[in-house]
Amino acid sequence: MLRPSLPPSRRVLLATAVAAATALLSTGPVAAEPLAAGSAEPPDRQQQYAAAAAEYGVPESVLLGVSYLESRWDTHPGQPSTSGGYGPMHLTDAEQVAATPSSAHVDENEDPRGDESRPLVLDPATAAEPTGDLLPQASLQTLDAAAALTGVAEETLRTDATANIRGGAALLASYQKELAAPVGAGSDPAAWYSAVARYSGADTEDAAAAFADEVYDQIGIGASRTTDDGQQVTLTALQVTPDESGLHRLGLRRAERPDGLECPVRLACEWIPAPYEKYGPNPGDYGNHDLGDRPAQQKLEYIVIHDTEGYFGPSVKLVQTKTYLGWHYTLRSVDGYVAQHIKAKDVGWHAGNWYVNAKSIGIEHEGFAGHGTWYTEAMYRTSAKLVRHLALRFQIPLDRQHILGHDNVPGTTAGTVAGMHWDPGPYWDWSHYFDLMKAPFHSTGTPHTGLVTIDPEYVSNKPAFYGCNQQPPGVPKPVPPAAPCPLRGSSSVILHTAPSADAPLINDRGLRPNGTPDTMYVSDHGARASAGQTYALAEVQGDWTAIWYLGQKAWFLNPAAAPTAKWAQGFVVTAKPGRASIPVYGRAYPERAAYPSYIPYQTISPLQYTFPAGQRYAFGGILPGEYYRAVSFDGTAPGDRTVVRGENRYVQIQFGHRVMYANLDDVNIVPAAVDAPR
C-alpha cells in the first residue's frame, strides 16, 4: 500500500499538541523527586520494577499493573507503538507519530463495498487530507515529561528498559502528587486510582476509568510471563478496592453514551455516527453504508478485524464522510477507547466483499500492518471485550473461521483477489487476542486426528520480513521498501514447497499467476498461515508438517521441542468421488433461478484456484446461498433491502490464508481422522 507523507494540516495539529505538552512540563506534572538515591542497574527486570517503585514512591503492584496494561512488560526495543509509545511503560513521543506516514487504507480503483451491482467509486481527494487530532494531547509527549522528571535522555528512555521503567514510575508519582494524594512505596495502592487513570492518556473520563479498572482487575488476578527479551516478571495477585473519588478532578470530558449503544457496559464507548446521506441526483448517490435488519433478516456470521493504516482522529473523520466508506467501530490505540459509527443491524462497506459485508461487523483498530509499530495492550483488551460481547449477542462462534482478519476475506471474483487487503498483518497477536476473549487455542487432537491449528509462540517467532517502510525520527526519507523489517514477534508461520528452510515458498496463483514463489515482503501473505487458523494435515516428515493449502502441499517447521501448531480434531471437506477437481468461490451467492425478474442475477464466478480430488480442507460451516439487494438511498429500487435466497448451499473452508467457499453439492464432509495421514 502506498502511504503518503504526513499532510500539512496534521503537522499543524502535531505542532499544537507538542506545544501543549511542552507547556504542561512547565506547569505540571508536579516534579517527582526520587525518594532514595539511585544505585547500579538491578540485574533482572523484576528487580528493575521494584527499584523504580522504591525510588519514586509508587506501590510496586501499581507500577507493574500499569506497565502490564501498556505493554505486557515487553520492551519492543527501540520500536514505537501506533501511539508513538516506547518501552514497557509506553512513554509517548509525538515526533514519532509525525514520522509514521498515514494513509486512508483504500487503494486506487478499489471497491470496498464489493458489489458490482452498486460499485463504490471513491474520490481520492476525500481521503488525501483527513483532519482530526492524531492523539489526545495529554498522551502525546510523556517521553519529554519523563525525561524532565528523571534527567535521563529521551533516546535512553526509548531504548533502555530500566530507564523507561524509571520514567514511568516518575510520571505516576508526579500525577499522584499533583492530585495531593499520598506517595510512597508503602502507600495504599487503592489511593493511586486517579493517577493510573491519568496515565492512560485518555481524553474522556470513562476511557480513563476503563483503563484504571483494567489495571486494578489485573492487580487482583496477578500475572506472570516471560517478556520479549527473555525476562521473567510476576505480578503477585493483590485484592484492592480502588478509591475512585479523585477521578473527576482530572477534568476530562464526559463522552455521550446514548441508549442503544452496542458496547459492553464497562467499555469506554461513544456514539459518533457515520452518515447515511444522499449526495447526488442518482438513487445510488449515497453513503456510507446500507440500512438493514440484521440478524432478523440475515444472520451475522463474521466479525472482521481491520487496522486503520492511519490515526484515530483522521480515521473517525473519514467514517463521518458521506461520500466515503463505513465500518461499525473504531478503536484508539493509546487507551482502547471505542467509537461506534454504525448499528449492527446495518451493513458497513469495509471488507471489499459484499457477501461478507452483508453478514459481518467491521472493527477498525488504530494501527499499521507493516510500519514496524506495535498494537497496544489497552487496545487488545478493549477489542477483545467488544468482540466477545458482540459474538455472544449475535451467536457468532469465537474461532478463526468467524473472527476474521481483513486479510482472511476472499476476493469476490478472480479479478479482485490480488487487490484484497492484508491487515491487520503478521504482527497482530491472534493467540493473545483469543486468550483475552476467553477462547484460547487448545490442542484437541493427536497427530492422527487429521487437523492442525497454527499457534507459534508469538514472542520467539520472528520471521524475517522486509519492506516495512519504517521512517524513524530524524530520517528525512523513508527507508527503501526492500529494507528488512525489525525482527519481532509474529503470529505467522511461513509455508514452503518442501520440508526444508531452503525450499522456495509456495505460490499463490491469485497473487502471482505466472507461478513464481511468494515472498517475505511484509504485505505478501500468499505463503503464510496464521495463529488460530486450522488446516487439514497432509503429511509429517521429522520436524516439518505439511497442510493442504491453495490446492498444494505447504510445509512449515513444527518441531516437537518447540511446536508452532497444535493437533486438532473436527471435520474436513473432500471432493465427491468421480470429480477430478471442484471450483472454489469468494462469495456464496444463490443460483440464477432464485432471483425474481426485477433483481439482476449476480454471477456465480469461481476463483482461479482449484480444489483437486484427494485433498482435504478444514470445514468451517454450512452457509445458505444469499444475496442482499441494496442499491438505492430510499429503498425504492425494485427488490431493494431484501435478501435473495435459493437452493444453493455452500461449505466454508480454510483453503489458503483466506477462507473460501465450495458448493455443498460438490463435496463430502467427513471426520478429519478418517484416512488422516499416519
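Among all residues of the range 491-506, there is none that is modelled with pLDDT under 95 and either farther than 23 Å from LEU404 by Cα or among the basic types (Lys, Arg) (or both).
Filtered by the rule that a residue be under 21 Å from THR412 (Cα atoms), of a type in the set (A, V, I, L, M, F, W, C) and outside any helix (DSSP H, G or I), the range 309-355 gives LEU325, TRP327, VAL347, TRP349, ALA351.
So that you can scan it fast, the table gives a plain yes or no per residue for (1) within 13 Å of GLY370 (Cα to Cα); (2) buried (at least 17 other Cβ atoms within 10 Å of the Cβ):
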residue: PRO484; (1), (2): yes, no
residue: SER491; (1), (2): no, yes
residue: ILE494; (1), (2): no, yes
residue: ALA498; (1), (2): no, no
residue: ALA503; (1), (2): no, no
residue: GLY510; (1), (2): no, yes
residue: PRO513; (1), (2): no, no
residue: THR516; (1), (2): no, no
residue: GLY526; (1), (2): no, yes
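Only residues that are touching a Leu at 6+ places or on another chain (Cβ under 9 Å) and in a loop (DSSP other than H, G, I, E, B) were counted in the range 176-201, giving 6. Consider the range 315-334 and keep the residues that are of a type in the set (Val, Ile, Thr), under 29 Å from ASP93 (Cα atoms) and in contact with a Gly (Cβ under 9 Å, 6 or more places away or on another chain). The one that is surrounded by the most Cβ atoms within 10 Å (Cβ to Cβ) is VAL334. Checking the structure you have, find out if any residue of the range 552-573 is crowded, with 19+ Cβ neighbours inside 10 Å, touching a residue at least 60 places away in the same chain (Cβ under 8 Å), in contact with a Pro (Cβ under 9 Å, 6 or more places away or on another chain) and closer than 30 Å to ASP115 by Cβ. Checked against the condition, which is being crowded, with 19+ Cβ neighbours inside 10 Å, touching a residue at least 60 places away in the same chain (Cβ under 8 Å), in contact with a Pro (Cβ under 9 Å, 6 or more places away or on another chain) and closer than 30 Å to ASP115 by Cβ, the range 552-573 yields no hits at all. ALA613 fails exactly one of the following numbered conditions: (1) free of Cβ contacts under 8 Å to residues at least 40 places away in the same chain; (2) closer than 28 Å to ARG118 by Cβ. What is the number of that condition? It fails just one condition, (2). Put simply, of GLY415, GLY419 the only residue that is free of Cβ contacts under 8 Å to residues at least 24 places away in the same chain, out of contact with any His (no Cβ under 6 Å at 6 or more places or on another chain) and farther than 27 Å from PHE571 by Cα is GLY415. Filtering the range 506-529 for residues that are farther than 23 Å from ALA662 by Cβ, out of contact with any Lys or Arg (no Cβ under 9 Å at 6 or more places or on another chain) and free of Cβ contacts under 8 Å to residues at least 12 places away in the same chain leaves a non-empty set.
Residue-by-condition table, conditions (1) more than 30 Å from ILE272 (Cα to Cα); (2) modelled with pLDDT of 80 or more:
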residue: ALA36; (1), (2): yes, no
residue: ALA53; (1), (2): yes, yes
residue: SER71; (1), (2): no, yes
residue: TYR86; (1), (2): no, yes
residue: LEU91; (1), (2): no, yes
residue: ALA98; (1), (2): no, no
residue: ASN109; (1), (2): no, no
residue: ASP123; (1), (2): no, no
residue: ASP133; (1), (2): no, no
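Among the residues of the range 284-308, the ones that are of a type in the set (A, V, I, L, M) and either surrounded by 24 or more Cβ atoms within 10 Å (Cβ to Cβ) or not in a loop (DSSP other than H, G, I, E, B) (or both) come to 3 in all.
Any residue at all in the range 518-529 that's over 23 Å from ASP407 (Cα atoms) and under 27 Å from the mean Cα position of the chain (by Cα)? No. Within the range 339-352, residues that are under 13 Å from LEU325 (Cα atoms) and touching a residue at least 60 places away in the same chain (Cβ under 8 Å) reach partners that are part of a strand (DSSP E or B) and aromatic (Phe, Trp, Tyr) with beta carbons closer than 9 Å, at six or more positions or on different chains, in the pairs HIS341/TRP271; HIS341/TYR329; ILE342/TYR329; VAL347/TYR628; ALA351/TYR302. Residues of the range 177-207 that are over 34 Å from the mean Cα position of the chain (by Cα) and in contact (Cβ under 8 Å) with a residue 60 or more places away in the chain: LYS177, GLU178, LEU179, ALA181, VAL183, GLY184, ALA185, GLY186, SER187, ASP188.
Going through (1) surrounded by 15 or more Cβ atoms within 10 Å (Cβ to Cβ); (2) farther than 23 Å from LEU511 by Cβ; (3) touching a residue at least 40 places away in the same chain (Cβ under 8 Å) one by one, GLU591 falls short only on (1).
The rows are residues; the columns are (1) of a type outside the set (A, V, I, L, M); (2) within 19 Å of GLY411 (Cα to Cα); (3) in contact (Cβ under 8 Å) with a residue 12 or more places away in the chain.
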{"position": "THR636", "(1), (2), (3)": "yes, no, yes"}
{"position": "ARG641", "(1), (2), (3)": "yes, no, yes"}
{"position": "ASN648", "(1), (2), (3)": "yes, no, yes"}
{"position": "VAL651", "(1), (2), (3)": "no, yes, yes"}
{"position": "PHE655", "(1), (2), (3)": "yes, yes, yes"}
{"position": "PRO677", "(1), (2), (3)": "yes, no, yes"}
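Regarding ASP423, is this residue surrounded by fewer than 22 Cβ atoms within 10 Å (Cβ to Cβ), assigned to a loop (DSSP other than H, G, I, E, B) and out of contact with any Gly (no Cβ under 6 Å at 6 or more places or on another chain)?
no
The values are calculated or read from the model by the stated rules, or taken from the named source; none is laboratory data. What you see is a predicted model, and the numbers here were worked out from it, not measured in a lab. Every residue, glycine among them, receives a Cβ derived from its backbone with ideal geometry; neighbour counts consider all protein chains shown.
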